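Novice: To start, I am sharing the structure in question, which I have written as structure tokens.
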Amino acid sequence: MHVELRQAGSNRLLERLDLDDIPQPGRWLVVDDRSFLVLQRHHRYQLRSGRYELSCIALQVKAQKQPADARWWQGRWVIGDPSCTYNARSPLLRCAVLPEGPCDRCAHHTTAAAEP
């Protein structure tokens, strides 16, 4: 599938690729030696013979290296310790208390109550 990598915010075209597995928002994509966080995914269609067909997928990305403490948790990527009460449980932000991390240096690091 044809994929366009576009800079989030400016929509500037960064690169065109052919990928078999298109990443969903919230996942990291590594292309050559560059790493991107996928923020949005847009499908582009083209009218051919009276029918619309998927022509490419545009990924809004942010150049970002995957943090060392990123982990797969409940079907998505999160940064830091997702069991901490203050963790944002997001691939974009670790927490409100110590966003730059790491979690083990935070004086407010506490474990959340067990989730069902």
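The values are calculated or read from the model by the stated rules, or taken from the named source; none is laboratory data. Everything quoted here is computed from the prediction, not taken from an experiment. Cβ: placed from backbone, ideal geometry, glycine included. Neighbour counts: every protein chain shown. Please note that ligands, DNA and RNA were not included when accessible areas were found on the heavy atoms of the full protein model with its side chains. Shrake-Rupley method; radii C 1.70, N 1.55, O 1.52, S 1.80 Å.
Novice: Could you tell me which of the residues L37, L29, L93 is of a type in the set (A, V, I, L, M) and either out of contact with any Phe, Trp or Tyr (no Cβ under 6 Å at 6 or more places or on another chain) or free of Cβ contacts under 8 Å to residues at least 12 places away in the same chain (or both)? Steps first, answer last, please.
Specialist: Values: L37 fails: either out of contact with any Phe, Trp or Tyr (no Cβ under 6 Å at 6 or more places or on another chain) or free of Cβ contacts under 8 Å to residues at least 12 places away in the same chain (or both); L29 fails: either out of contact with any Phe, Trp or Tyr (no Cβ under 6 Å at 6 or more places or on another chain) or free of Cβ contacts under 8 Å to residues at least 12 places away in the same chain (or both).
None of the others qualify; the one that does is L93.
Novice: If you go through the stretch 71-85 one residue at a time, do you hit one that is hydroxyl-bearing (S, T, Y) and over 16 Å from H2 (Cα atoms)? Break it down stepwise before answering.
Specialist: Looking only at the stretch 71-85, we keep the residues that are hydroxyl-bearing (S, T, Y), and these are 83, 85.
This time we only want the ones that are over 16 Å from H2 (Cα atoms), so: 83, 85.
Yes, the conditions are met somewhere in the stretch 71-85.
Novice: I've got another one for you. Are there strands (runs of 3 or more DSSP E) fully within the stretch 1-72 with at least 2 residues that are open to solvent by less than 60 Å² (accessible area, probe 1.4 Å), β-branched (V, I, T) and in contact with a strand residue (DSSP E or B) (Cβ under 7 Å, 6 or more places away or on another chain)? List them.
Specialist: On the way: elements: 2-7, 13-18, 28-31, 34-48, 51-63.
By residue number, 51-63.
Novice: Filter the stretch 79-92 down to residues that are within 26 Å of E15 (Cα to Cα) and either open to solvent by 40 Å² or more (accessible area, probe 1.4 Å) or part of a strand (DSSP E or B) (or both), then give me how many there are.
Specialist: 1
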